[in-house]
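What follows is a set of notes on a single structure, which appears directly below.
The values are calculated or read from the model by the stated rules, or taken from the named source; none is laboratory data. If you're wondering where the values come from, they're calculated on a predicted model, not measured in any experiment. Glycine also receives a Cβ, built like all others from the backbone with ideal geometry; neighbour counts cover every protein chain displayed. Side chains are part of the model used for accessible areas, which takes the heavy atoms of the whole protein and leaves out ligands, DNA and RNA. Shrake-Rupley method; radii C 1.70, N 1.55, O 1.52, S 1.80 Å.
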Amino acid sequence: MSRELYVGLMSGTSLDGVDAVLADLAGARPKLIAEAHIPFNDPLRSELLGLNSRGDNEIERVALAGNALAARYAAAVAEVLARSKIPAADIRAAGCHGQTVRHRPDRGYTIQIGNPALLAELTGIRVVADFRGRDVAAGGQGAPLAPAFHAAMFADPAEDRVAVNLGGIANLTFLPRGGAVTGFDSGPGNCLLDLWAARHLGKPHDPGGTWAAAGQAIPALLERMLREPYFSAPPPKSTGRDLFNEGWLRDRLGGGEEAQAVQATLLELTARSVADAVARHCRGAHRLIVCGGGSKNDALMRRLAALASPAALEPSGHFGVDPQLVEATAFAWLAKQALEGRPGNLPSVTGARGARVLGAVYPK
C-alpha cells in the first residue's frame, strides 16, 4: 500500500504552543511517523491572549500575530520533516486549525488566525485551513470538529463511549453503540486553571495538579461558577475564551479567597462540569477516553475518574493515539477529508444544516 502523508498542526486555547504530527493516513488507522512541539514565547502568548478581547489597533495586531504563528507552524513542520527524514515534496497537505481569537457562531462568525498563505510559502506544502468557517456558514457552531475523527478512531460496536478532550476548553464526543454521534464543548478545561497558575505560581500551568490537590475547594465559589448559564444550555453548543476568561473568573470571586483554594475550586469546576455533562447528555457511557493536555493533570484525572464512576476512564494512548496528539492528528485527517471531497463535520454535533466539506486549500 502506498503511503498518504499528511501533517496536522494544532494550537488551542491552552496557548502553550504548536503540536505537530506527521502521519500516514493510507490505512484505516493513522500511523504516526513523527511529532514535534514548538512552544510560544511569552510575547506571542500574551498577544494571542489579548486578542481574545477588544483592544486598540486590532486589525494590524491580528495580521502580525498571524504572521508570527505561521513562522511557528512552519518551524513545527520543519521539525517533523527533519525527524522523519521525509522531504516536503512527499507531503500531500498540512491541515492547520489556526489560533482562535474570537468564536461567535451566534453572530455568524469565527476567527482563526495563522496566515495559511504564508505557511504554504514557507514550507512548500499545500495547506488546508479555515475548517470552522464553512460549518458556521451552514448554521453550525463550527466546533468541536474533532468528533468525526473521534468516531473513526474510538467508536466500538460493543459499548457506549465518550471521548473527552481536556484542552483549554473541554469538549465531549458521545460515541453510542447505535444512533448518531453527538458532541459539544462542556466548558473550561485547562484555561482557567492555567490562568490562575500563571498568576500565582509564575508557571504556565500547575504540573500534575499538585498545587490544586493540596488545596481545599470553596463550596460557595464553586456554586457561583456552576450557575453559569452555559453549563445548563443544551447542545449543540461551543465556547471559548470569549466567555471563560479572566473577567469571568474575577466576577465570581468574592475577594480575599486563598489562592490555592481558588485553584482547587477551578479543578473541581472542570471535573464537575465534564462529569455533569456526561451524565446529562451521554447517558449509559461505559468508558471515557481522555486526551488533551489535561490528561497530564493527575489530580484532575483522579477527580474525574471518581465522578465518572462506574464508567471507566482511560487515556487515548490505550487506544492507539497519544493524548497530546489527538487534536493535531484530527486536523491531518480533516485535511485528507477536504482533499478527497469528503465531509469533515457532523451536523449532529455542530447543528449545521448538513454535512459539509471543510477547509480552504492554499496550493504549495
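Matching residues to (1) assigned to a helix (DSSP H, G or I); (2) basic (Lys, Arg):
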site: ALA23; (1), (2): no, no
site: ALA34; (1), (2): no, no
site: ARG45; (1), (2): yes, yes
site: LEU48; (1), (2): yes, no
site: ARG54; (1), (2): no, yes
site: GLU60; (1), (2): yes, no
site: ASN67; (1), (2): yes, no
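Which residues, counting only those in segment 327-344, are more than 15 Å from the chain's Cα centre (by Cα) and either at pLDDT below 95 or not hydrophobic (A, V, I, L, M, F, W, C) (or both)? Across segment 327-344, the qualifying residues are LYS336, GLN337, GLU340, GLY341, ARG342, PRO343, GLY344. Listed by first and then second residue, the pairs with beta-carbon distance under 6 Å, at least 6 apart or on different chains, first residue in segment 1-17 and more than 20 Å from ASN115 (Cβ to Cβ) and open to solvent by 10 Å² or more (accessible area, probe 1.4 Å), second of a type outside the set (D, E, K, R) and not in a loop (DSSP other than H, G, I, E, B), are SER14/GLY293. Being farther than 25 Å from SER295 by Cα, touching a residue at least 24 places away in the same chain (Cβ under 8 Å), β-branched (Val, Ile, Thr) and in contact with a Lys or Arg (Cβ under 6 Å, 6 or more places away or on another chain) holds for only one residue in ILE125, ILE91, ILE113, and it is ILE125. Quick check: anything in segment 166-180 open to solvent by 30 Å² or more (accessible area, probe 1.4 Å) and polar (S, T, N, Q)? Checked against the condition, which is being open to solvent by 30 Å² or more (accessible area, probe 1.4 Å) and polar (S, T, N, Q), segment 166-180 yields no hits at all.
On the stretch given as segment 345-364, residues that are over 19 Å from the mean Cα position of the chain (by Cα) and not basic (Lys, Arg) total 8.
Exactly one residue out of LEU221, LEU243 is surrounded by fewer than 23 Cβ atoms within 10 Å (Cβ to Cβ) and part of a loop (DSSP other than H, G, I, E, B): that is LEU243.
Conditions tested, residue by residue: (1) of a type outside the set (Asp, Glu); (2) touching a strand residue (DSSP E or B) at 6+ places or on another chain (Cβ under 6 Å); (3) more than 20 Å from ARG287 (Cα to Cα).
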| position | (1), (2), (3) |
| --- | --- |
| ALA305 | yes, yes, no |
| PRO323 | yes, yes, no |
| GLU327 | no, yes, no |
| PHE331 | yes, yes, yes |
| GLY344 | yes, no, yes |
| PRO363 | yes, no, yes |
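Within segment 42-86, the set of residues being surrounded by 12 or more Cβ atoms within 10 Å (Cβ to Cβ) and among the polar types (S, T, N, Q) comprises SER46, ASN52, SER53, ASN67, SER84.
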